[in-house]
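Chemist: Have a look at this one.
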2 protein chains.
Amino acid sequence: MKVVLASQSPRRVEYLRRLQIPFHQKAVEADESLLEGESPRVYVRRVSALKAAKAAQDESGSPLLVVAADTVVWQEGEFLFKPCNVEEARKMLSRLSGSSHQVFSGITLRLRERGRESSLSGVAVTTVFFSSLGEEEIDRYIRSGEPLDKAGAYGIQGLGGLFVPKIRGSYSNVVGFPLELFYRLLRRMKIDLWSLRRE
Amino acid sequence: MKVVLASQSPRRVEYLRRLQIPFHQKAVEADESLLEGESPRVYVRRVSALKAAKAAQDESGSPLLVVAADTVVWQEGEFLFKPCNVEEARKMLSRLSGSSHQVFSGITLRLRERGRESSLSGVAVTTVFFSSLGEEEIDRYIRSGEPLDKAGAYGIQGLGGLFVPKIRGSYSNVVGFPLELFYRLLRRMKIDLWSLRRE
């Protein structure tokens, strides 16, 4: 079975690699704009499904499994995307400081087999608690360069981990690829992860 | 300031590297036997302090910062150490299946400066929830080779992450080096992590 990861995120690539599943990586252009009033749960599910459908369109082989994911940071009713500049990163980090927020990831698996296509999506949610950060600390962190390409302006797998005493939920979800959800969706599609692996 | 990590754990080494703190690695032989009736909290604190003291003994330089850690898995009043063989790994995984357990890490920082030595220890605790595992799944996981050198017979940063829908507490603690605790202890010792870094 050919496995395609419809993502450019180095962290998702790293997770699939660590599982030792051979896969092809594919960049997809999907319209990621928010619909009015859309909740984070509905949004990440819809966008991950959109990415999976786009990636499947361009692939002719069978059997084929497309894996797509989308992750957002959400605090008090607002989405925190990737900061556009240092000023925006500083604002986001001040907002996260001393409080908690949620991370939502949607995963969609799209399977093509014997001429049929089926799709299954799921969502994981994790609450992340941040320490109280001083202005100097935020500046030092921004100067490290880590915040600028991350949703919510932090990376929990890097220096950002220094600021997180506690999470409640899946950790890999916060990094962008909820492993246990992925495994669960595979099982529901009757796909055996262990035989996908190159042992 | 010379930084010494008194540990052979590749995961602790990896964490310090990711923080971009230059350090020397040192293997220490400490007596890690449990005292009668000792709680996991007291145990990891004591053993991490013991490791730090041992490592400091052999170092003559100043200023010197020794970092030591110890991690244990604990479930329903029992310690789960590294399994000695496949049979023990299978027993541990069956025990963890479908329930929760605790991971405790102690960190000790030992600082030598201007002829004085001081030491500070702290403990982090995380609750880890495991999915229900089938026998076949446990066998496949054991065959991957991952469980055998890990306390509790799993590695959350590898395939073991597939079995963990949720944690409550620090993730890096489960891996063996609680980052936020490390940062907090440094601050309490008036050591600025950001200036230790090689930027």
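Bear in mind that the values in this text are calculations on the coordinates, not laboratory data. Please read all numbers here as calculations on a predicted model, not as lab measurements. Please note: Cβ atoms are built from the backbone with ideal geometry, for glycine as well, and neighbour counts cover all protein chains shown.
Chemist: So how strong a dipole does the protein assembly as shown carry about its Cα centre when Lys and Arg Cβ are +1 and Asp and Glu Cβ are -1, to the nearest 20 debye?
Modeler: 200 debye
Chemist: Which of the lysines could a cross-linker bridge to residue A:2, judged by Cα under 28 Å and excluding same-chain residues fewer than eight apart?
Modeler: Candidates past the 8-residue exclusion: A:26, A:51, A:54, A:190.
Chemist: While we're here: Return, for the Cα atoms of the protein assembly as shown, the radius of gyration and Dmax in Å, separated by a comma.
Modeler: 22.1, 76
Chemist: Could you give the dipole magnitude of segment B:1-108 about its Cα centre, charging the beta-carbon of Lys and Arg +1 and that of Asp and Glu -1, in debye to the nearest 20?
Modeler: That gives a dipole near 480 debye.
Chemist: Another question, if that's okay. Cα atoms only: what Rg and Dmax, in Å, come out for segment A:2-196?
Modeler: Over segment A:2-196's Cα set, Rg and Dmax evaluate to 17.3, 59 Å.
Chemist: Here's something else I'd like to know. Taking a label point 7 Å from Cα toward Cβ, how far is residue A:136 from its twins in the other copies, in nm, shortest first?
Modeler: Spacings between copies for this position, smallest first, are 5.9 nm.
Chemist: Another question, if that's okay. Under the definition of partner shielding as Cβ atoms of other protein chains within 10 Å of a residue Cβ, what is the mean value for peptide B:177-186?
Modeler: 4
Chemist: I've got another one for you. For segment A:71-166, what relative contact order do you get, as a whole percent, if you take Cα pairs closer than 8 Å and at least 6 residues apart? Mind showing how you got there, number by number?
Modeler: Details: 158 pairs, mean separation 32.6, N = 96.
Computed over segment A:71-166, the figure is 34 percent.
Chemist: How large is the charge dipole for segment B:45-199, taken about the Cα centre, if only the Cβ atoms of Lys, Arg (+1) and Asp, Glu (-1) carry charge, to the nearest 20 debye?
Modeler: Here the size comes out at about 780 debye.
Chemist: Here's a follow-up. Just to be sure I understand: of the beta bridges DSSP finds with both ends in chain B, what percent are antiparallel, rounded to 5?
Modeler: 85 percent
Chemist: Based on DSSP loop calls and a cut-off of at most 15 other Cβ atoms within 10 Å, the longest stretch of chain A free of exposed trypsin sites (Lys or Arg not before Pro) is what?
Modeler: Result, exposed sites excluded: A:1-113.
Chemist: Below 8 Å between Cα atoms, with a sequence gap of 6+, how large is the relative contact order for segment A:81-122 in percent?
Modeler: Relative contact order comes out at 25 percent.
Chemist: Moving on. With unit charges on the beta carbons (Lys and Arg positive, Asp and Glu negative) and the dipole taken about the Cα centre of the protein assembly as shown, which residue among B:37, B:157, B:144 sits farthest to the positive side?
Modeler: Toward the positive end, the furthest listed residue is B:144.
Chemist: Which whole-number percent is the relative contact order of chain A (Cα, under 8 Å, 6+ apart)? Don't skip to the answer; put the middle values down first.
Modeler: Working: 395 pairs, mean separation 45.0, N = 199.
Computed over chain A, the figure is 23 percent.
Chemist: Considering only the label points, 7 Å along Cα→Cβ from Cα, what distances in nm to one decimal separate residue A:27 from the same position in each other copy, shortest first?
Modeler: Here the equivalent label points are 4.6 nm apart from this one.
Chemist: Moving on. Provide the percentage of antiparallel DSSP beta bridges, counting only those with both residues in the protein assembly as shown; round to the nearest 5. List each step's numbers first, then the result.
Modeler: Working: 65 of 77 bridges.
That works out to approximately 85 percent antiparallel.
Chemist: Along the positive direction of the dipole of chain A (beta-carbon charges: Lys, Arg +1; Asp, Glu -1; about the Cα centre), which of A:64, A:134, A:100 reaches farthest?
Modeler: A:64
Chemist: Here is a further query. Name the most mobile residue of A:36, A:113, A:136, meaning the one with the largest mean-square fluctuation, in a Gaussian network model of chain A with Cα contacts below 10 Å.
Modeler: Taking springs between Cα atoms under 10 Å, the residue moving most is A:36.
Chemist: A further question follows. Starting from the Cα gyration tensor of segment B:1-77, take the square roots of the eigenvalues, sort them a ≥ b ≥ c, and report rounded, prolate or oblate (rounded when a/c is under 1.5, otherwise prolate if a/b is larger than b/c, else oblate).
Modeler: Oblate, because a/c is 1.5 or more while a/b does not exceed b/c.
Chemist: Starting from a label point 7 Å past Cα on the Cβ side, list the distances from residue B:190 to the same position in the other copies, nm, shortest first.
Modeler: Copy-to-copy label distances for residue B:190: 6.9 nm.
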